[in-house]
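Student: Next up is a structure, given as structure tokens.
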Amino acid sequence: MRRIALFLSLLVAASPVAAQTLVESDRIDAVSVTLYRDPNRGEGAIPAGGWPGGYALVTETRTIRVPAGKSVIRFVGVSEGMMPETAIVTGLPRQVNEKNRDARLLSPAALIDAYLKRRVMIRRTNRATGKVTEGEAIIQSGPGGVLLTTAGGVEALGCSGLPETLSYPGVPADLSAKPTLSVTTDNAAAATVTVQLSYLAQGFDWSANYVAQVADDGETLDLFAWLTVANGGSQGFAGARTNAVAGAPNKERAAFLPKGPPSELHLRCWPMDITSTHPRWGIAPNPPAPPPPAQAVVAEDIGNFEDIVVSAGRRMPGVMMSAPVMVAQQEELGDLKLYRIPEPVTVAALSRKQVAMIDRKKVAFARIYTGDFEQFDYDRDADEPESKAAERTLRTENINGKGLGLPLPAGRVAVFERAREESLLVGESALSDRAIGEEVEFATGESSDLRYKVVARPPSSRRQPYVVEVTNARSTPETFEMAIPYKLASSSAKLIERKGLKTWRAVVPANGTAKLELALKLERER
């Protein structure tokens, strides 16, 4: 008997589970978050709600007391969208032997899911008497529609007409209150160490949101940009050194990515009573869940043009400005651009944050009106077509001489002009990434003051003649442009080359007209 007891004790001592010590780290000494844009979003804004499609490089510094021998270190509070295969831990006395992402988060919906087909206690309170009753229940389905089997039959949670709650015998071991990364290590001696945990995480995104305020002179504008940071996860990072990378770094999908936070718990009721009252009713095996509510955000996108307070000072649409304002600093990162926020900020959970990014005064621009040659129906037997409103665009160059001369990341642009004492929105457009030296355009919509039409004339030989006529109702001369995306046989005016297309550019006199006669080459019939 003594030999058997000794043998069993040796087995317990040799067991890896018994030999490992659990160390929990839930305090972050310092953290940096470098954000990368959603590569599939294009030039649009970050969609409201949902799971952002970008990602971030998160680097955390933590101080940990590690014991001698084998231990499991739990890093509590990592990002919800962490990709564990990218995690790197440095600073431990010995290398990491194993990594595990504890992905299941503790929530009402997760508890329901963990206890499917298992017994729980349901507690109900009588509104009139205050009497509390308890009874056993078995969870049959959830979390989309929670069905319980009780002594009274099958019923939906929350539909008895009485305040009720579920009581669970315990929290399953695989549910964590916060996202957690576990690593195993083996150390020769106990020590207090400072470690760095770096990893990529999904569920982040960033964009630039521009506000262009046209000056009273009509020839310059002030350009201000917000750096909008989105965190779709349930874990925030306080006092984070925050950066944003502009450009398109190569990134390939190596594993299934997290799709977002765990599902919410939704309770639905039958029209009346419980199922045992009406046994002829059928119960769908998987009742469809109602649509989830829209996700709230802390700071609205600049596209909603809400006033955002930076500090006390001058108010303009979408921004309150004064000096000094904390502005992101642009640096080179290979062929990419890095925008570094100079002071630590909080990247809060399920939120958006906006930080001043670009501030340029008196940016010179030209006002250009454009027409589309292909918008007209060239039916020669029909009546002469109605004129169309020209598109109005503010055009400049990204150079120092125009007041810019810095990389402009993609984003949305809101253009404002003054009317008496008010600044009013005149147009919105998307801006793609613009390097130094490139042309920059802000579209502001149609103009009823400049109108144009294209009239087809009878063809001759292999030539199709047209007449383009532009009218200007403004009291100032205006520049009009129209690209001709076809082979030309002749033109009454000299055309310029613009973006690979022959383009007619004309200065239309105040309250006057401009006309172009041209002929297109017709393809030889076979």
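Student: Within the stretch 128-137, does at least one residue satisfy the condition of being within 26 Å of THR184 (Cβ to Cβ) and in contact with a strand residue (DSSP E or B) (Cβ under 9 Å, 6 or more places away or on another chain)?
Tutor: No: the stretch 128-137 contains no residue that is within 26 Å of THR184 (Cβ to Cβ) and in contact with a strand residue (DSSP E or B) (Cβ under 9 Å, 6 or more places away or on another chain).
Student: Oh, and also: Taking the condition in the same structural domain as THR396 (by TED's automatic domain parsing), touching a strand residue (DSSP E or B) at 6+ places or on another chain (Cβ under 6 Å) and modelled with pLDDT of 95 or more, does PRO477 pass?
Tutor: It is true that PRO477 is in the same structural domain as THR396 (by TED's automatic domain parsing), touching a strand residue (DSSP E or B) at 6+ places or on another chain (Cβ under 6 Å) and modelled with pLDDT of 95 or more.
Student: Between VAL468, VAL455, VAL413, VAL440, which is farther than 30 Å from ASN209 by Cβ and crowded, with 17+ Cβ neighbours inside 10 Å?
Tutor: When all the criteria are applied, what remains is VAL468.
Student: Which number in (1) at pLDDT below 65; (2) assigned to a loop (DSSP other than H, G, I, E, B) marks the one condition that GLY218 misses?
Tutor: (1)
Student: Moving on to the next point. Which strands (runs of 3 or more DSSP E) does the stretch 83-192 wholly contain that include 1 or more residues that are of a type in the set (A, V, I, L, M) and more than 27 Å from ARG27 (Cα to Cα)?
Tutor: Those strands (runs of 3 or more DSSP E) span 119-125, 132-141, 147-150, 153-156, 164-167.
Student: Show me the strands (runs of 3 or more DSSP E) found entirely inside the stretch 288-404 where at least 1 residues are modelled with pLDDT of 90 or more.
Tutor: Answer list for the stretch 288-404: 336-340, 345-347, 351-364, 366-372, 388-397.
Student: Based on this model, can you work out whether ALA109 counts as out of contact with any Phe, Trp or Tyr (no Cβ under 7 Å at 6 or more places or on another chain) and at pLDDT below 90?
Tutor: yes
Student: Within the stretch 52-67, can you find the residues that are outside any strand (DSSP E or B) and under 16 Å from the mean Cα position of the chain (by Cα)?
Tutor: Across the stretch 52-67, the qualifying residues are PRO52, GLY53.
Student: So is ARG498 surrounded by fewer than 17 Cβ atoms within 10 Å (Cβ to Cβ), closer than 19 Å to GLN375 by Cβ and not aromatic (Phe, Trp, Tyr) or not?
Tutor: Spelling it out, ARG498 is indeed surrounded by fewer than 17 Cβ atoms within 10 Å (Cβ to Cβ), closer than 19 Å to GLN375 by Cβ and not aromatic (Phe, Trp, Tyr).
Student: Give the number of residues within the stretch 418-472 that are part of a strand (DSSP E or B), under 30 Å from GLU331 (Cα atoms) and not β-branched (Val, Ile, Thr).
Tutor: 9
A quick yes/no check of all residues on (1) closer than 20 Å to PHE376 by Cβ; (2) part of a strand (DSSP E or B); (3) within 46 Å of the chain's Cα centre (by Cα):
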site: SER490; (1), (2), (3): yes, yes, no
site: GLU497; (1), (2), (3): no, yes, yes
site: THR503; (1), (2), (3): yes, yes, yes
site: ALA519; (1), (2), (3): yes, yes, no
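Student: State whether one or more residues within the stretch 68-76 are in a helix (DSSP H, G or I) and of a type in the set (Gly, Ala, Ser).
Tutor: No, that holds for no residue.
Student: SER448 versus (1) crowded, with 19+ Cβ neighbours inside 10 Å; (2) under 47 Å from the mean Cα position of the chain (by Cα): which is the lone unmet condition?
Tutor: Looking at each condition in turn, SER448 falls short on (1).
The values are calculated or read from the model by the stated rules, or taken from the named source; none is laboratory data. Source: prediction; values computed, not measured. In this analysis, Cβ positions are derived from the backbone assuming ideal geometry, glycine residues included, and neighbour counts consider all displayed protein chains.
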